[in-house]
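Undergrad: Let me begin by handing over the structure; questions about it come next.
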Amino acid sequence: AQTVTQSQPEMSVQEAETVTLSCTYDTSENNYYLFWYKQPPSRQMILVIRQEAYKQQNATENRFSVNFQKAAKSFSLKISDSQLGDTAMYFCGYNSGGSNYKLTFGKGTLLTVNP
Amino acid sequence: NAGVTQTPKFRILKIGQSMTLQCAQDMNHNYMYWYRQDPGMGLKLIYYSVGAGITDKGEVPNGYNVSRSTTEDFPLRLELAAPSQTSVYFCASSSRAGWMNNQPQHFGDGTRLSIL
């Protein structure tokens, strides 16, 4: 079974600085999808960014970018110019590329952005 | 545009009681999912459905049942509530087209369930 590991339960960063959240995963698949979801105190699950394993180029979405290392099975999220509204739980997610589109999540990292 | 709607938002149950958590989506998505989120943990898949009339177990199905009689609705049933089922429950939906367009899963706002 696929597993997703987020080794940082909590992190903090000063407003306007950059922070990187770590994620590793275990899979025997060659083609799959990886995601970062954000869960603010409102409890909503919001998609931040997604990466297809067959794409070598790292995904970017405004201030959010990933460092995808396929051989190392690593998928970190970099948040640049951190804003107070970035304070949230961040979950790394994995999908095997199967037709049922199921997601497997890590335990999450609580990110606090300090003013 | 409602998206995924979960009811109720909060509920307190006594041990042994039963209840149904409702989930409805108005996006004509074929795929629907139920997750539970325990404190300090990520979301774990309980059950999922790939279309009306088709359901399958996820990672933690024990103590739950689901049905999918329509494309829109995917209720989750707890038959004999136990304290271990205290959690926040999320329903989500997905479509192949959405998946291809960077919208893998749409989530509801969750139901906070406490069993005492």
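Undergrad: Can you tell me which residue within region A:1-19, out of those that are open to solvent by less than 60 Å² (accessible area, probe 1.4 Å) and in contact with a Leu (Cβ under 8 Å, 6 or more places away or on another chain), is nearest to the other protein chains (Cβ to nearest Cβ)?
TA: Filtering first and then ranking leaves A:Gln6.
Undergrad: Same structure, new question: Yes or no: A:Ser42 within 14 Å of another protein chain (Cβ to nearest Cβ) and either within 14 Å of the chain's Cα centre (by Cα) or open to solvent by 60 Å² or more (accessible area, probe 1.4 Å) (or both)?
TA: Details: within 14 Å of another protein chain (Cβ to nearest Cβ): yes; either within 14 Å of the chain's Cα centre (by Cα) or open to solvent by 60 Å² or more (accessible area, probe 1.4 Å) (or both): yes.
Spelling it out, A:Ser42 is indeed within 14 Å of another protein chain (Cβ to nearest Cβ) and either within 14 Å of the chain's Cα centre (by Cα) or open to solvent by 60 Å² or more (accessible area, probe 1.4 Å) (or both).
Undergrad: Restricting attention to region A:80-87, does a residue exist that is open to solvent by less than 10 Å² (accessible area, probe 1.4 Å) and either at negative phi or within 14 Å of another protein chain (Cβ to nearest Cβ) (or both)?
TA: Yes.
Undergrad: Would you pick out the residues in region A:89-110 that are facing another protein chain (nearest Cβ under 7 Å) and open to solvent by 40 Å² or more (accessible area, probe 1.4 Å)?
TA: Selection gives A:Lys102, A:Lys107.
Undergrad: Where residues in region A:45-69 are at the interface with chain B (Cβ under 10 Å from one of its Cβ atoms) and open to solvent by 60 Å² or more (accessible area, probe 1.4 Å), which of them is farthest from A:Glu15 (Cα to Cα)?
TA: In this case the residue turns out to be A:Ile46.
Undergrad: Consider B:Lys44 against the criteria (1) over 23 Å from A:Gln2 (Cα atoms); (2) not in a loop (DSSP other than H, G, I, E, B): it satisfies all of them except one. Which criterion is unmet?
TA: (1)
Undergrad: From the list B:Asp38, B:Asp73, exactly one residue is under 29 Å from A:Ala88 (Cα atoms) and in contact (Cβ under 8 Å) with a residue 24 or more places away in the chain. Which is it?
TA: On the way: B:Asp73 fails: under 29 Å from A:Ala88 (Cα atoms).
Going through B:Asp38, B:Asp73 in turn, just one is under 29 Å from A:Ala88 (Cα atoms) and in contact (Cβ under 8 Å) with a residue 24 or more places away in the chain: B:Asp38.
Undergrad: Here's something else I'd like to know. Which count do you get for residues in region B:69-104 that are in a loop (DSSP other than H, G, I, E, B), open to solvent by 10 Å² or more (accessible area, probe 1.4 Å) and more than 14 Å from B:Asp38 (Cβ to Cβ)? Full working, then the answer.
TA: Initially, region B:69-104 is screened for residues in a loop (DSSP other than H, G, I, E, B), giving B:69-72, B:74-75, B:79-82, B:86, B:95, B:101-104.
Right, trim to open to solvent by 10 Å² or more (accessible area, probe 1.4 Å) and you get B:69-72, B:75, B:79-80, B:82, B:86, B:95, B:101-103.
Now drop any that are not more than 14 Å from B:Asp38 (Cβ to Cβ), which leaves B:69-72, B:75, B:79-80, B:95, B:101-103.
Matching residues across region B:69-104 total 11.
Undergrad: Counting only residues that are touching a residue at least 60 places away in the same chain (Cβ under 8 Å), give me the strands (runs of 3 or more DSSP E) lying completely in chain A with at least 2 of them.
TA: In chain A, A:3-5, A:10-14, A:19-21, A:33-39, A:74-79, A:88-95, A:109-114 are the strands (runs of 3 or more DSSP E) which contain 2 or more residues that are touching a residue at least 60 places away in the same chain (Cβ under 8 Å).
Undergrad: Just to be sure I understand the filter: pairs with C-beta atoms under 8 Å, separated by 6 or more residues or on different chains, first member in region B:49-63 and within 10 Å of chain A (Cβ to nearest Cβ) and without any contact (Cβ under 8 Å) to a residue 60 or more places away in the chain, second member part of a strand (DSSP E or B) and among the acidic types (Asp, Glu). Which pairs pass?
TA: Close Cβ pairs (under 8 Å, with a partner that is part of a strand (DSSP E or B) and among the acidic types (Asp, Glu)) amount to B:Ser49/B:Asp56; B:Val50/B:Asp56.
The values are calculated or read from the model by the stated rules, or taken from the named source; none is laboratory data. All figures in this text were calculated on a predicted structure; none of them were measured in a lab. Glycine gets a Cβ as well: all are built from the backbone with ideal geometry, and neighbour counts include every protein chain shown. Please note that ligands, DNA and RNA were not included when accessible areas were found on the heavy atoms of the full protein model with its side chains. Shrake-Rupley method; radii C 1.70, N 1.55, O 1.52, S 1.80 Å.
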